[in-house]
Each structure stands twice: as structure tokens, then as C-alpha cells.
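The block underneath contains the structure these notes are about, expressed in C-alpha cells.
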Amino acid sequence: MTRPDAIDLATWNRREAFEHYRRSVPCTYAITVELDVTAFAAALARSSRKTYVAQIWAIATVVNRHREFRMAETADGEPAVWPVVHPAFTVFNAERETFAAVWTPYEPDFARFHEAAAEVLADAASATSMFPQGELPADVFDISSLPWTSFTGFTLAIDGGTNHLLPIFTLGRYVERDGRTLLPLAVQIHHAAADGFHTSRLVRELEELVADPRWVDA
């Protein structure tokens, strides 16, 4: 089983911030943005690839670029970083009006990831249990989708959430405005893991990735 790599506290420039927001003032925060996905949505409209899978892969790609979004703790409670984190995502069963939570190993090659994730989505669409694959592994982060509604704010109130170091993403319904297609995206972050600068960079890099969607059909 993969284990997170311990951080060298003597050289870590965020040691003080981590200890403050993890121990002294446990703190999470949320930000909701509208991503310009005009080119991305158009590329997927011309493609046979699934929009939800592409959204998941794009988020996972940017998340895995930065160790602050792969944070964990060792068995001794020391800060650590997963080498790779994998997306866990919700799948809606329309007949039952329930959802399942499943995951797919992250793969930098979108075509290979799409093949695996699309199969998981198809299998889970009729799932009657919340975790049809069994217990989720520790090195996954969460993505959920609310394709029925758009939103300008979204916050999760998690009991014990200050123990949850990995980011949580929520996607909304596309909005068409002034000739552009916008995607509501809510990001929930543990302040011990990342500051506003890091989250802003993640959002910017995600928007840059979907602004040049040639990878959709690569």
C-alpha cells in the first residue's frame, strides 16, 4: 500500500502555518468561482468523450501538480504528502434518486483515464449501495457534481472537517452569459494545507488547462 512521504520540518517553509491552522486555530475555507469553459465545452460537444470524466481528469491533473493539495499525516500526526492522489467522484442513480461514491486511479494520459473512468461511471449508474467498490482508499480526494443547478456559493459543513486535509470540489450546471460558457466550481480547502495564494493558483491553472482543450481528443 502506498504511504505518504513525511515532510522535512526543518526546511519546510509552511511549517508554522501548518501547525497554527492544524493545532492552534483549526480552520477550513471555501471559495466559489465561475470558470470560463467555452472552448472546453465546445470541444466536448464535438467529441465522444464524456464531459464529467474530462472535468474530473482536469481537476486531478492540476491537483497532482502541487503537494499542498496532496497533504496527509503520518501515523505519528506529522505532516506528509501523498506521491499521487486519485479522484473519488459521485455517480447519480436517477431511478433510486441516490448516489454512489467511486474512484479511478489517476492517469496523466487522458485517453487511458477516460477509458477506465467511463467504465466505472457506467457500472455505478445502477449501483444500489453508496460505496460499490468498497471502502475508498486514503489517498483519494472528492469531486461531486450538481448538474441540475448553478450556484454562486457553496460550502460544506463537515463534522470533524478540520481533520480532512485533501481538497473537496463541487461542480455546478453550466451558465451561458455574454456568449461564454461558465462552470460554477466550489473548492473546500484546509488552511493548514494551503493558503489563498495556492488555491488561487490552482483555479488559474485549471482555467488555463480547459482553455486549450486539445487534450480532449488526444
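Things worth noting here:
- Residue that is nearest to Ala118 (Cα to Cα), among those in the stretch 17-73 that are in contact with a Lys or Arg (Cβ under 8 Å, 6 or more places away or on another chain) and β-branched (Val, Ile, Thr): Val63
- Residue check for Thr155: open to solvent by 30 Å² or more (accessible area, probe 1.4 Å), under 17 Å from the mean Cα position of the chain (by Cα) and among the hydroxyl-bearing types (Ser, Thr, Tyr): yes
- Counting only strands (runs of 3 or more DSSP E) that fall entirely inside the stretch 38-127 and contain at least 1 residues that are open to solvent by 20 Å² or more (accessible area, probe 1.4 Å), the qualifying elements are 71-73, 86-93, 98-103.
- Taking residues in the stretch 15-33 that are on the phi > 0 side of the Ramachandran plot, and partners anywhere that are at pLDDT 95 or above, not one pair has Cβ atoms closer than 9 Å while being at least 6 places apart or on different chains.
- Selection within the stretch 186-205 - hydrophobic (A, V, I, L, M, F, W, C) and open to solvent by 10 Å² or more (accessible area, probe 1.4 Å): Phe197, Val203
- Every residue from the stretch 208-218 that is open to solvent by 60 Å² or more (accessible area, probe 1.4 Å), within 20 Å of Glu34 (Cβ to Cβ) and assigned to a helix (DSSP H, G or I): Glu208, Ala211
- Candidate set from the stretch 169-199 (those that are more than 27 Å from Ala101 (Cα to Cα) and small (Gly, Ala, Ser)); member that is nearest to the chain's Cα centre (by Cα): Gly196
- Looking across the stretch 158-170, just one residue is open to solvent by 50 Å² or more (accessible area, probe 1.4 Å) and either in a strand (DSSP E or B) or polar (S, T, N, Q) (or both), and that is Asn163.
- Residue that is least open to solvent (accessible area, probe 1.4 Å), among those in the stretch 1-37 that are part of a helix (DSSP H, G or I) and among the small types (Gly, Ala, Ser): Ala17
- Subset tally (residues that are in a strand (DSSP E or B) and either modelled with pLDDT under 95 or over 29 Å from Thr74 (Cβ atoms) (or both)) for the stretch 171-188: 11
The values are calculated or read from the model by the stated rules, or taken from the named source; none is laboratory data. Predicted model only: the values in this text are computed from it and were never measured. Don't worry about glycine lacking a Cβ; one is built from the backbone with ideal geometry, like all the others, and counts go over all protein chains shown. These area figures cover heavy atoms from the full protein model, side chains too; ligands, DNA and RNA do not enter into them. Shrake-Rupley method; radii C 1.70, N 1.55, O 1.52, S 1.80 Å.
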